[in-house]
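Here is the structure we will look at, set down as C-alpha cells.
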Amino acid sequence: MIRHASTLTPSSWVTRFAPLITAGGQVLDLACGAGRHARWLASKGFRVEAVDRDGVALELLGGVPHLQTLEADLEEGPWPYQGRHFDGIVVAHYLYRPRFHLLLEALNPGGVLIYETFMEGNERHGKPSNPDFLLRSHELIGRVEGNCTIIAYEQGEVQDPRPAVVQRICAVKGHSTKIRLPA
C-alpha cells in the first residue's frame, strides 16, 4: 500500500510540542489512522499505544519498536482506557465531543495534550464539513480550561499539507508556571 507523503509526515504541531512529554513516557495516539505520529513518537523513544478502529491500518504498525496497537471503536462501547494514564496524548484530525473529558482524565498530572483538528470554516475546503466534526471557535480552550495550563493555541486557515481551517492546542494537565517551552 502506497500512501501520500503528507500522510506519513508527522504534524509540525506534534513534533514541536512532543519534547514537553516526559522522556521515554507512555503516549497515547488516539484515532491514529495510518500511525504517522505513533511511528514518529516511538522513534523518539516514547512508549506508544496507537488506537484506531481500522485494523488494517494498525497491522501496518506491527513490529515498530516501542509501539503497541489496540483496535477499538472510540465512540461506541466501553472506553478502552478506563483507569489508565498517559504522560502524553496526541490527537490529530479526530473529534468526538462526548468522550473528550475522558482524554483529560487519562492524562497523568503534568501530562501533555497535543491536539489538532478541523474547525468551522473548513467546509469551504471540503471534508470534513459536518458540524459534528468541526470545532467551534476557541472550543479547545474551553475544553481544557480549569484542568490544564495552556502552552500554545492556534486557530485559523493553513495551506500545508492541504488548505484547511484548524484549531490546535498544547496543554499540560494541572497548573504550573515551571514549564520549559520547547526550542
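What shape does the range 109-162 have by the C-alpha gyration tensor, where a ≥ b ≥ c are the square roots of the eigenvalues, rounded means a/c under 1.5, and otherwise prolate means a/b greater than b/c and oblate the rest? Prolate, because a/c is 1.5 or more and a/b exceeds b/c. Modelled this way, with points 7 Å down the Cα-to-C-beta line, the labels at D160 and E71 are 3.6 nm from one another. Computed extension length for A152-L102: 15.9 nm, one decimal, from 0.36 nm per residue of separation with the Cα-Cα distance subtracted. Among W13, W40, W79, determine the one that fluctuates most according to a GNM of the chain built with springs between C-alpha atoms less than 10 Å apart. Checking each option, the largest mean-square fluctuation is seen for W79.
Any chance you could run the full-extension gain for S43 through K127? It's 0.36 nm times the residue separation minus the Cα-Cα distance, nm to one decimal.
Details: separation 84, 0.36 × 84 = 30.24 nm, distance 3.06 nm.
Net length gain for the segment: 27.2 nm.
Only four residue types carry charge here, +1 at the Cβ of Lys and Arg and -1 at the Cβ of Asp and Glu. Report the dipole size of the chain about the Cα centre in Debye, rounded to the nearest 20. Write down the numbers at each step before the final one.
Numbers: 19 positive and 20 negative charges, 121 e Å.
In debye, rounded to 20, the chain gives about 580.
Comparing K44, K173, K127 in a Gaussian network model of the chain, where Cα atoms under 10 Å apart are tied by springs, the biggest mean-square fluctuation is seen for K127. For a modelled paramagnetic label at W79, 7 Å from Cα along Cα-to-Cβ, the residues of the range 96-122 in reach, with backbone nitrogen under 11 Å, are 98-107. Residues within the reach of a label modelled at T22 (point 7 angstrom out along Cα to beta-carbon, backbone nitrogen below 13 Å), restricted to the range 156-183, are 173. Expressed to the nearest 5 percent, the antiparallel share of DSSP beta bridges inside the chain is 45 percent. In a GNM of the chain with a 10 Å cut-off on Cα contacts, which of N108, N130, N122 has the highest mean-square fluctuation? Per the Cα network of the chain with a 10 Å cutoff, N130 tops the list.
Residues I114, I179, sorted by accessible area with the largest first, give I179, I114 [1.4 Å probe; ligands and nucleic acids excluded].
Rolling a 1.4 Å probe over the heavy atoms of the protein chains gives the chain an accessible area of 51 Å² per residue. Overall, the accessible surface of the range 1-123 at a probe of 1.4 angstrom is composed of carbon and sulfur to the extent of 52 percent. Mean residue ellipticity, 222 nm, helices only, the chain: the sum of -39500 (n - 2.57) across DSSP H runs of n ≥ 4, divided by residue count and rounded to 500, is -4500 deg cm²/dmol. Of D87, D54, D160, D132, the order by accessible heavy-atom surface (1.4 Å probe, DNA, RNA and ligands excluded), from most exposed downward, is D160, D132, D54, D87.
Can you list the residues of the range 69-104 with backbone N under 18 Å from a point 7 Å past the Cα of T15, pointing along Cα to Cβ? Correct set: 90-93.
The heavy atoms of H37 present about 10 square angstrom of accessible area, all protein chains included, probe 1.4 Å.
The values are calculated or read from the model by the stated rules, or taken from the named source; none is laboratory data. Here the structure is a predicted model, which means the values were calculated and not measured. Here Cβ is always computed from backbone atoms with ideal geometry, including for glycine, and neighbour counts include all displayed protein chains. Calculation scope for accessible area: heavy atoms of the full protein, side chains included, ligands and nucleic acids excluded. Shrake-Rupley method; radii C 1.70, N 1.55, O 1.52, S 1.80 Å.
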